Amino acid sequence: MTAPAEGPPGVAEVVLCGELDIATLDDAERQVEAAAAAAPPLLVIDLSGLTFVDSSGVRLVLLADDRARSAGRRLAVRLGTGHALRVFQALGLLDKLDVLPARPAEGAAHRLAPG
Amino acid sequence: MTTDLADAIGYLPFPLGVTATAEHVVVALNAAGRDLLGDVVGRPVAVTLPHAGLLAALDAAYHDARPGTADLPVPPVTVGCAPVRDGVLLHVTAAGTPDPDRARTSALQRLTGQLSGAATPEEIGRLAVTTAAELLGADGAGVFSRTGATLTSLHSTGWQAEVTRRYQRFPVHRGRPLSDAVLDGVAVWVENAEQWRHRYPEMAPVGTAGGFQATACLPTRVEDRDLGALVFSFLTPRAFSVDEREYLLTVTALCAQALDRSRLLVAEQAARATAERQLDRMTFLARAGRLMQAPLSVEQRLQQLADLTVADVADWCAVHLVRDDRVDQVAVAHSDPEKVAFVARLQERYPPDPEAPGGAIQVSRTGEPSFVPDIPDELLVDAAVDDEHLALIRSIGLRSALVVPLLVRGRSLGALTLVHAESGLRFDEVDLAFARQLAENAAVALDNARLYEQQRSVAEILQTALLPAVLPQVPGLALAARYRAQSDDGSGVHVGGDLYDVVAGPVPGRWAVVMADVCGKGPQAASLTALIRHTLRAEIDHGLGPAAVLHRLNRAMVQATGAAPGRFATVVHAQLDVDPDGTAVRLVGAGHPPPLVRRGDRVEPVVAPGTLLGVYADVELTEVSFRLDRGDMMVLYTDGVTEARGVDGFYGTHRLARFLRSSPARTADEVADGLLDDVVTFQGGRLRDDVAILVVESAP
């Protein structure tokens with residue numbers, strides 16, 4: 001299920017919540033790929049609702065970022081103020097990724113399921 | 001039962017009928033009976049033959065199980081009423097029939113009633129022999145059942161003991177009276193001893209033993225089913241008149257009917273028992289299968305299999321495994337542990353002969369099963385080393401044994417031995433097939449486990465190639481490192497991406513320590529781990545500072561991972577200069593969890609922010625400098641420690657700090673051991689990720 005939030009044209013947003021690790025990676029990858037399929041100029045991955053993210057989840061974001069850059073598009077993440085922020089900060093990624101502030105209103109979020 | 005009886009009377013030449021229910025509805029009447037009574041089938045006797053005496057006799061037989069007779073004026077007949085199960089057997093005689101025939105008819109009626117109540121072939125055999133012999137005035141009799149080309153005695157009476165014993169079980173043999181009767185389906189009549197000697201000279205001594213003269217051998221056949229034969233012997237010569245022959249054949253037909261019925265019943269019961277046994281066995285195989293998947297060592301699993309087997313299938317069970325050029329017994333089970341201990345002592349004193357044919361060792365080697373349904377004493381005598389040994393193995397009471405190979409892909413991994421002893425049970429072909437299936441399932445499970453172990457050991461070897469075998473001895477420092485791979489999650493074994501190293505620097509007293517974690521697992525992660533280790537060693541040797549070393553490493557990684565983008569590593573690297581008062585530390589982190597430093601009872605993190613390595617061409621790294629005084633300790637670790645998850649959530653740096661503050665562990669080794677234990681225990685023994693720990697203590 002893709003969960004495009006309300007937003008300006010040309011922006012696709014995936015909202016992931018729950019735990020992002022090896023168990024839920026496949027599900028998260030499907031969400032991100034589905035959102036990226038239409039080649040939006042800006043793809044936003046909202047991680048602020050994650051309660052856990054491990055290195056495989058970080059790698060998912062880095063790969064999506066790499067693909068977007070190679071294609072001349074933009075990828076941004078929302079990290080909120082919780083776990084995801086702490087992880088990406090510890091990895092020294094806040095200056096490397098396009099980090100957007102948390103969305104003002106809560107939209108449809110995709111709770112990750114183990115696959 | 002009246003249905004069987006209804007079938008049976010159809011074959012008989014005497015007028016017979018059967019009624020059912022309290023209304024005495026005639027449910028069967030044979031041809032001879034119809035001649036006398038007319039077509040009365042399907043209606044109550046009260047309607048077709050309204051005679052008070054007959055109805056009273058029927059009531060007495062039906063309700064009170066009392067036999068009786070009634071004379072009817074029209075038609076002029078006498079009707080005998082005999083109680084049988086669920087009904088009444090009618091025998092009809094025309095008025096004016098001579099007395100001997102009347103007596104015979106009533107005797108026949110008695111036999112029919114008795115046979116209809118008998119269930120097993122043995123019971124029917126006994127009735128056929130005793131009652132029939134009495135009716136016929138025979139002095140000896142026997143009933144034989146036929147299975148293929150073999151005749152087996154069900155019951156006999158009146159013959160000499162030697163004859164009875166010799167003809168318990170014997171092959172059909174053309175040219176002998178009983179066999180001829182069976183083979184041809186035609187009665188053989190021998191009227192006197194002279195005829196015996198003339199017609200069957202070979203068998204005459206047997207046929208006339210004990211002074212017997214006449215013999216009738218009567219085949220028991222029902223439709224095309226050949227059941228065997230009845231034999232009646234007489235001490236006086238008999239001419240076997242037509243009447244007498246007919247009477248004997250009638251008795252035989254009655255017995256044949258009863259035997260056929262019981263044979264079908266027995267066959268049906270056996271089929272049901274087999275089906276139930278089959279179901280039990282399938283259930284057992286399923287349980288054994290689950291057990292072989294359990295996360296236990298091979299020996300533990302096989303012992304559990306043996307334990308399960310002795311609870312259900314055999315008195316004893318043992319499992320042997322081929323190991324290189326040896327065959328080891330790895331499991332043995334009996335419901336009584338005393339007996340297991342007894343056999344263990346016995347085997348210690350008298351080791352099993354590896355050359356013993358059919359023994360577990362031979363079966364393990366050859367892959368050929370061995371099956372001894374009945375263990376004869378001679379086998380024990382042959383196997384025994386001395387008299388005491390013989391007495392000891394006899395005391396086990398072995399009765400039946402089978403040994404089947406643990407075969408997989410044509411290779412024998414060992415053997416499964418099942419033995420019946422004190423239960424007195426005997427294995428049959430079905431058990432053998434079952435044991436082979438069980439052994440084959442176990443062998444496949446073992447083979448999988450073996451492949452898995454091989455894969456695991458390859459992974460471990462690879463992993464250790466990525467880690468230092470031993471840490472160097474560093475003057476002024478105490479070092480301890482621990483590594484534990486993640487628990488198997490069923491997805492196979494992978495080489496982890498954790499790395500630590502301790503390297504001598506280019507100047508005396510200078511050392512470098514590294515802790516790194518490559519994301520992911522498998523060959524790509526392993527090759528990146530190897531790249532990190534070798535690059536670091538080379539760059540450290542060039543005399544670069546810690547931050548410069550990691551910049552160089554990052555460039556090497558970005559070049560190497562171009563084909564696999566997103567493959568990154570977090571690294572913490574420190575340069576240690578040991579002096580007489582302690583150690584000066586320059587430390588740089590690249591996205592790695594912060595090391596902790598313990599000074600006395602204070603524990604604090606070393607914060608050195610930095611970008612992970614391997615993804616971006618330029619990374620931001622900050623170097624921090626501090627001192628470790630004598631007795632101070634620095635702990636480097638991977639996120640397998642802090643992201644360990646227990647019932648209370650993540651282990652986290654706060655638990656790690658608390659452990660370092662409050663643990664009684666003092667030395668570097670004690671701290672490393674204690675921390676690893678604490679993390680493993682926290683996760684309930686199952687590691688979600690690899691755990692690496694490196695403890696650096698400035699000389700105390």
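The values are calculated or read from the model by the stated rules, or taken from the named source; none is laboratory data. Every value quoted in this text rests on a predicted model; they were computed, and no experiment measured them. Don't worry about glycine lacking a Cβ; one is built from the backbone with ideal geometry, like all the others, and counts go over all protein chains shown.
Do we find a residue being over 49 Å from the mean Cα position of the chain (by Cα) and more than 27 Å from B:Val470 (Cα to Cα) anywhere in region B:662-681? Yes.
Scanning region B:568-583 for residues that are within 14 Å of chain A (Cβ to nearest Cβ) and surrounded by fewer than 22 Cβ atoms within 10 Å (Cβ to Cβ) yields nothing.
Within the set B:Arg301, B:Arg345, B:Arg287, B:Arg281, the sole residue that is touching a helix residue (DSSP H, G or I) at 6+ places or on another chain (Cβ under 8 Å) and free of Cβ contacts under 8 Å to residues at least 24 places away in the same chain turns out to be B:Arg287. The residues listed here are B:Glu122, B:Glu134; of these, the one that is of a type in the set (Asp, Glu) and either more than 25 Å from B:Glu246 (Cβ to Cβ) or part of a loop (DSSP other than H, G, I, E, B) (or both) is B:Glu122.
From the list B:Thr611, B:Thr622, B:Thr681, which one is among the hydroxyl-bearing types (Ser, Thr, Tyr) and crowded, with 23+ Cβ neighbours inside 10 Å?
B:Thr611
This table checks each residue for (1) buried (at least 19 other Cβ atoms within 10 Å of the Cβ); (2) among the hydrophobic types (A, V, I, L, M, F, W, C).
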{"site": "B:Gln347", "(1), (2)": "no, no"}
{"site": "B:Ile361", "(1), (2)": "yes, yes"}
{"site": "B:Leu390", "(1), (2)": "no, yes"}
{"site": "B:Gly397", "(1), (2)": "no, no"}
{"site": "B:Leu402", "(1), (2)": "yes, yes"}
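Within region B:318-341, residues that are assigned by TED's automatic domain parsing to the domain that holds B:Ser297 have Cβ atoms under 8 Å from residues that are of a type in the set (Lys, Arg) in these pairs: B:Val322/B:Arg365; B:Val327/B:Arg365, counting only partners at least 6 apart in sequence or on another chain. Yes or no: region A:89-109 includes at least one residue that is assigned to a helix (DSSP H, G or I), within 14 Å of chain B (Cβ to nearest Cβ) and either surrounded by fewer than 19 Cβ atoms within 10 Å (Cβ to Cβ) or among the hydrophobic types (A, V, I, L, M, F, W, C) (or both). Within region A:89-109, one or more residues are assigned to a helix (DSSP H, G or I), within 14 Å of chain B (Cβ to nearest Cβ) and either surrounded by fewer than 19 Cβ atoms within 10 Å (Cβ to Cβ) or among the hydrophobic types (A, V, I, L, M, F, W, C) (or both). Cβ-Cβ distances below 7 Å connect the following pairs, each with a first residue in region B:651-674 that is free of Cβ contacts under 8 Å to residues at least 60 places away in the same chain, a second residue that is part of a helix (DSSP H, G or I) and acidic (Asp, Glu), and a separation of six or more residues or different chains: B:Phe659/B:Asp678. When the test is whether a residue is at pLDDT 80 or above, assigned by TED's automatic domain parsing to the domain that holds B:Pro580 and touching a helix residue (DSSP H, G or I) at 6+ places or on another chain (Cβ under 7 Å), B:Ala442 does not pass it. In summary, A:Glu29 fulfils each of the numbered conditions (1) closer than 25 Å to B:Glu643 by Cα; (2) of a type in the set (Asp, Glu); (3) away from chain B (no Cβ under 14 Å); (4) not in a strand (DSSP E or B) with the single exception of condition (3).
Listed by first and then second residue, the pairs with beta-carbon distance under 7 Å, at least 6 apart or on different chains, first residue in region B:600-629 and more than 9 Å from chain A (Cβ to nearest Cβ), second of a type in the set (Ser, Thr, Tyr) and surrounded by 15 or more Cβ atoms within 10 Å (Cβ to Cβ), are B:Pro605/B:Thr653; B:Gly614/B:Thr561; B:Arg627/B:Thr583; B:Leu628/B:Thr583; B:Leu628/B:Ser698; B:Asp629/B:Ser698. Pairs are defined by a Cβ separation below 9 Å, a sequence spacing of at least 6 or placement on different chains, a first member in region B:575-592 that is on the phi > 0 side of the Ramachandran plot, and a second member that is in a strand (DSSP E or B) and surrounded by fewer than 18 Cβ atoms within 10 Å (Cβ to Cβ); the pairs so defined are B:Gly582/B:Arg627; B:Gly582/B:Asp629. Just one residue in the set A:Asp46, A:Asp21, A:Asp27, A:Asp65 is surrounded by 17 or more Cβ atoms within 10 Å (Cβ to Cβ) and modelled with pLDDT under 90; that residue is A:Asp21.
Which of the residues that make up region B:630-640 are more than 14 Å from chain A (Cβ to nearest Cβ) and among the small types (Gly, Ala, Ser)? Scanning region B:630-640 gives a single hit, B:Gly631. Of the helices (runs of 4 or more DSSP H) entirely within region B:22-95, those holding at least 2 residues that are within 18 Å of B:Ile9 (Cα to Cα) and in the same structural domain as B:Ala107 (by TED's automatic domain parsing) occupy B:31-37. Scanning region B:344-366 for residues that are under 15 Å from B:Val319 (Cβ atoms) and not in a helix (DSSP H, G or I) gives B:Pro352, B:Gly359.
Taking the criterion of being assigned to a strand (DSSP E or B) and within 19 Å of the chain's Cα centre (by Cα), would at least one residue in region B:323-331 satisfy it?
Yes.
When you look at B:Ala270, is it of a type in the set (A, V, I, L, M, F, W, C) and surrounded by 14 or more Cβ atoms within 10 Å (Cβ to Cβ), yes or no? No; evaluated as a whole, the condition is false for this residue. Return a yes/no flag: does region A:73-80 have any residue that is within 14 Å of chain B (Cβ to nearest Cβ), closer than 23 Å to B:Val619 by Cα and part of a strand (DSSP E or B). Scanning region A:73-80, I find at least one residue that is within 14 Å of chain B (Cβ to nearest Cβ), closer than 23 Å to B:Val619 by Cα and part of a strand (DSSP E or B), so the answer is yes.
Does region A:12-23 include one or more residues that are part of a helix (DSSP H, G or I) and in contact (Cβ under 8 Å) with a residue 60 or more places away in the chain? For region A:12-23, residues part of a helix (DSSP H, G or I) and in contact (Cβ under 8 Å) with a residue 60 or more places away in the chain: absent. If the condition is being within 44 Å of the chain's Cα centre (by Cα) and surrounded by 17 or more Cβ atoms within 10 Å (Cβ to Cβ), then region B:220-242 contributes B:Thr220, B:Arg221, B:Val222, B:Leu227, B:Gly228, B:Ala229, B:Leu230. Filtered by the rule that a residue be away from every other protein chain (no Cβ under 14 Å), assigned to a helix (DSSP H, G or I) and crowded, with 18+ Cβ neighbours inside 10 Å, region A:32-43 gives A:Ala35, A:Ala36.
Any residue in region B:546-564 that is of a type outside the set (Val, Ile, Thr), within 14 Å of B:Val518 (Cβ to Cβ), assigned to a helix (DSSP H, G or I) and within 14 Å of another protein chain (Cβ to nearest Cβ)?
Going residue by residue through region B:546-564, those that are of a type outside the set (Val, Ile, Thr) are B:546-548, B:550-557, B:559-560, B:562-564.
Narrowing further to those that are within 14 Å of B:Val518 (Cβ to Cβ): B:553-554, B:556-557, B:560, B:564.
Next, only the ones that are assigned to a helix (DSSP H, G or I) stay: B:553-554, B:556-557, B:560.
Next, only the ones that are within 14 Å of another protein chain (Cβ to nearest Cβ) stay: B:554, B:557.
There is at least one residue in region B:546-564 that is of a type outside the set (Val, Ile, Thr), within 14 Å of B:Val518 (Cβ to Cβ), assigned to a helix (DSSP H, G or I) and within 14 Å of another protein chain (Cβ to nearest Cβ).
With respect to (1) more than 14 Å from the chain's Cα centre (by Cα); (2) more than 8 Å from chain B (Cβ to nearest Cβ), the lone exception for A:His83 is condition (1). Residues of region B:550-580 that are out of contact with any Phe, Trp or Tyr (no Cβ under 6 Å at 6 or more places or on another chain) and within 22 Å of B:Leu596 (Cβ to Cβ): B:Leu550, B:Ala569, B:Thr570, B:Val571, B:Val572, B:His573, B:Ala574, B:Gln575, B:Asp577, B:Val578. Does B:Leu108 satisfy being assigned to a helix (DSSP H, G or I), touching a residue at least 24 places away in the same chain (Cβ under 8 Å) and closer than 23 Å to B:Ala65 by Cα? Criteria met by B:Leu108.
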